[in-house]
Amino acid sequence: MSTSPPFHLLLAITGASGACYPARLLEKLSCQTDINLSIVMTKNAREVWEYEWAKPLPQAPQWCYWDVNDFSAPFASGSNPADSMLVLPCSMGALARMAHGISDNLITRAADVQLKEGRPLVLVPRESPYSLIHLQNMTLLAQAGATIAPASPPFYHHPQDINSLIDTFIDRLLFLCGATKKYGGYRWEPNTPL
């Protein structure tokens with residue numbers, strides 16, 4: 001009896017503020033054996049991680065860290081794309097290069113592959129406010145098939161601490177990526193219909 005291979009999620013971490021998001025995602029996925037994770041970080045992302053999170057990068061047997069300049073990674077080719085790609089957080093510089101097809105590193109090349117192959121690409125911009133240039137770049141990417149999911153966690157589940165706030169958003173991202181079959185976080189269910 002054959003079994004399907006584990007879901008392959010590509011996590012790209014760029015240099016925008018918000019290291020808590022990929023950190024909590026990695027904590028959540030550390031015990032998941034049904035998701036193979038490829039991780040690519042920019043130099044600026046590593047600096048932000050050190051400054052904001054100040055903990056070593058987590059490891060797990062089913063994870064593989066790739067150098068941001070290593071174009072030999074399997075997912076740099078359309079013949080072997082990731083099942084889904086999540087850019088968390090997504091800097092406006094990286095977003096602009098993706099919007100205009102500038103494949104100057106492994107992250108932007110992999111995003112280009114995801115789009116051209118019709119595979120899920122979920123981008124989490126954290127910048128605020130958005131300029132017209134930011135909005136136009138996001139529009140180009142949305143028109144090309146990307147999902148834009150700004151780092152805007154919900155509050156209707158009455159989070160008791162920052163981790164429960166972040167975790168609900170992380171659950172939503174995993175659902176958007178197709179890495180989970182159902183949304184595991186809080187779902188809005190009003191008590192009475194209008």
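Read the figures in this text as sums done on the coordinates, not as results from a lab. For clarity, every value in this text was computed on a predicted model and none was experimentally measured. Every residue, glycine among them, receives a Cβ derived from its backbone with ideal geometry; neighbour counts consider all protein chains shown.
So for the range 67-134, taking the charge dipole from beta-carbon charges (+1 Lys/Arg, -1 Asp/Glu), which of Gly78, Asn105, Ala94 sits furthest toward the positive end?
Sorting the options by dipole projection puts first Ala94.
Rg/Rh for the range 58-130: what does it come to with C-alpha atoms and Rh from Kirkwood?
Here Rg/Rh amounts to 0.97.
Let me know the shape class of the range 1-107, please: from the alpha-carbon gyration tensor, a ≥ b ≥ c as square roots of the eigenvalues, rounded when a/c is under 1.5, otherwise prolate if a/b is greater than b/c, or oblate.
Oblate, since a/c reaches 1.5 and b/c is not below a/b.
Can you show me the helix-derived [θ] at 222 nm for the chain, built from DSSP H runs with n ≥ 4 at -39,500 (n - 2.57) apiece and divided by the number of residues, rounded to the nearest 500.
The per-residue figure over the chain is -10500 deg cm²/dmol.
Size of the dipole of the range 1-82 about the Cα centre, Lys and Arg at +1 and Asp and Glu at -1 on the beta carbon, nothing else charged, in debye to 20?
Magnitude of the dipole: close to 100 debye.
If the viscosity is 0.890 mPa s and the temperature 25 °C, what translational diffusion coefficient in µm²/s does Stokes-Einstein give for the chain when Rh comes from Kirkwood over Cα pairs?
It diffuses with D of about 143 µm²/s by this estimate.
Taking the Cα centre of the chain as the origin, how large is its charge dipole in debye, to the nearest 20, when only Lys and Arg (+1) and Asp and Glu (-1) carry charge on their Cβ atoms?
260 debye
Give me Rg over Rh for the range 113-182, both radii from the alpha carbons and Rh done the Kirkwood way, two decimal places.
Taking Rg over the Kirkwood Rh, I get 1.03.
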